[in-house]
Structure formats: C-alpha cells, structure tokens
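Single-structure report; data block below.
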Amino acid sequence: MNTAFNRRTVLLAAALGASTTLLQACGGSDDDPERNIVELAQNNPDLSILVEAVVAAGLAPTLSTGMLTVFAPTNAAFTALLGELGVSKDALLANKPLLTAVLTYHVLGSKVLRNEVPLGKAITPVAGGFFKIESANGLKITDGRNRVTTITATDIQASNGVVHLVDRVLLPADKDIVATAMALPDFSILVEAVVAAGLVSTLQGAGPFTVFAPTNAAFAALLTELGVTKEALLANTALLTSVLTYHVVPARVLKAEVPVNTAISTVQGQTFSVSSSLVITDQNQRTSNIVAADVFTSNGVIHVVDKVILPK
C-alpha cells in the first residue's frame, strides 16, 4: 500500500513539474493577477527601462487603474530605439512630451487578449493615431511609421488588464499623406498633380482619408491613353481635380476593411468598387490593381495602384 502510494506521489510530482515548465515556457509565470500593470512591470527585470520611462512621464497612476492593454517594449527594444533616434536614454527620459506620446501609443483603453485582436484592422491606442496587428509567422504590429514589431509574449495577466511583450518600440506617425508621398520617389508625378490642382492643404487636413495613389508608371500610361502631355494634364485644373479626388475616400479604410464588391464613395462624388483580389473597377469599367496596401500616415492610409482610375 505504501509502495503504491509513493509511486503515485512521484508520478504526481513529475506531472506538476512538467506543467510548471510548460507554463514558464509560455510566459505564464509572468502572470500575477494580484499586481497591476505597473507593479507587474516593476517585477520583470527585462522591463526596467519601460518602468523608468513610465515614471519619468508621470504615467504610473494612469497605468495602475482602469482596464488596459499594454504592448510593453523590452529593454533591448528601448536600446534599439535610442540607436534609431540617435539619442541617449537620459535625453529620451527628459523629453516628457515625446515620451508621453510614445508610451500612450502602446496602451489600449480596454483589455484585449491575443485571441481578441482584430487582425489587419485599425487599432486605436489611447494616444490617438492607429496601428494594425497581423498574423505572419507570429503576431506582427505595423506602427504609424510603417515599422514592423513582433509580439514576443502574450496574455500576461494583471489586476487591471493584460500585457503583451514587444521587441521594438512602436512610434506614432509623423508624416501626413502629402509628406509621405513626397518621400516616395515613385509618387513624384502624383505630387506634381496634387500641387497643380491645389489639393495640398486638403490632403494635409485632419481627415482621415484613404488615398488610392497611382505610381509614376500609372500616370505615364494615362497620358498615352488620353493622348495628352503631362504639361497639358497638369494645366487642366478642372479635370485634374476631378480625377485626383476620385482617388480619395473620406474615411480611413485599411486593406482588411475594404468593402468588397460594394460601391465605395469618393470625395469626387462618384463611386468605384474593389474585388476580393484587390482589383478596382472605375465608372468606365476600367480596372486597376492595388499593388501595395496600408502605407500609414498621420491622417490616413495610402494604397498604391498601378493604373489611374477615372470617373465618368
């Protein structure tokens, strides 16, 4: 009887040990529902710079209450950011406005577990702006500056929410649609057209906007199709304005949010549709392909198209 009891005891201990090892491997050992998010971070040596930053920004009380989700950058993530920005840790911690903007960009105003993440859709942090999370060899975040971050651990429970660890500090957008287009050489004709049509200030507005942006090759093909020179097109302000505003939707629509095979209203007033394979059909039954999607800006999103679409 004692031998059987001892055997069962050994087996139970082995099973418990295996379960503990599995929890540690999954990050479960970091859970502490009795501690709030700040206290949890304080007890994780790999989040010591994050804690310093939170204290320096005066955000500890904010992150200790409510029900929140925090994407927590590790020490290595902060070290990489200092190199990227070319600043010292002391300089970053002393810049309270920047620090506050960056830290609150990592915080959601509700608890969002891994299986609740709206993949591919715009996620709005408490700081404003947006980012998206996609599943591609793990969970990846694309921030406002189109930088990609990997979520390395998820669902670390705290008394006031949940923490997900990330390997790169997220940064909010710092360029509007016009500035973003100006920084990309393949949009130089589009920028010329926007300037010629007097639409710069409009596309620098608060928005949000979605711009289906034709490449230089798309504009070159249009000139051939219409049988006009670039100078003649840019001089025809009425036509130019009609064509350009037909490429703008007065809302932020990410790739995953595009209403498929549905009439999409534009700033110009007419509609176009987008198929499930991301082919646009304009009012003249001409088609254009979305060749790159979800270029983020401070006031919306840009999708790159390989053909200029035309209203009636």
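The table that follows gives values for the structure above.
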item	result
Residue check, Ala181 in a helix (DSSP H, G or I) and either within 30 Å of Thr154 (Cβ to Cβ) or touching a residue at least 24 places away in the same chain (Cβ under 8 Å) (or both)	yes
Thr202 being closer than 18 Å to Val305 by Cβ, of a type in the set (Val, Ile, Thr) and not in a loop (DSSP other than H, G, I, E, B)	no
Pairs with Cβ under 7 Å, 6+ apart, first in region 156-173 and in the same structural domain as Val51 (by TED's automatic domain parsing) and in contact (Cβ under 8 Å) with a residue 12 or more places away in the chain, second outside any loop (DSSP other than H, G, I, E, B) and acidic (Asp, Glu)	Ile156/Asp30; Val162/Asp155
Breaking point among (1) in a loop (DSSP other than H, G, I, E, B); (2) under 24 Å from Ala122 (Cβ atoms), for Asn284	(2)
Filter result (of a type in the set (Asp, Glu) and either out of contact with any helix residue (DSSP H, G or I) (no Cβ under 9 Å at 6 or more places or on another chain) or not in a strand (DSSP E or B) (or both)) within region 129-178	Asp143, Asp167, Asp174, Asp176
Only listed residue being touching a helix residue (DSSP H, G or I) at 6+ places or on another chain (Cβ under 6 Å), in the same structural domain as Gly198 (by TED's automatic domain parsing), touching a residue at least 12 places away in the same chain (Cβ under 8 Å) and of a type outside the set (A, V, I, L, M), chosen from Thr297, Thr287	Thr297
Complete set of residues in region 41-61 that are within 19 Å of Leu108 (Cβ to Cβ) and either at pLDDT below 95 or not in a helix (DSSP H, G or I) (or both)	Ala57, Leu59
Residue in region 102-118 that is touching a Phe, Trp or Tyr at 6+ places or on another chain (Cβ under 7 Å), within 28 Å of Ile302 (Cα to Cα) and of a type in the set (Ser, Thr, Tyr) present	no
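Conditions (1) in a loop (DSSP other than H, G, I, E, B); (2) surrounded by 19 or more Cβ atoms within 10 Å (Cβ to Cβ), marked per residue:
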{"site": "Ala218", "(1), (2)": "no, yes"}
{"site": "Leu223", "(1), (2)": "no, no"}
{"site": "Val260", "(1), (2)": "yes, no"}
{"site": "Ser276", "(1), (2)": "yes, no"}
{"site": "Ile280", "(1), (2)": "no, yes"}
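The values are calculated or read from the model by the stated rules, or taken from the named source; none is laboratory data. Just so it is clear, the structure is predicted and the values come from calculations on it, not from any experiment. Note that each Cβ is placed from the backbone with ideal geometry, even for glycine, and that neighbours are counted across all protein chains shown.
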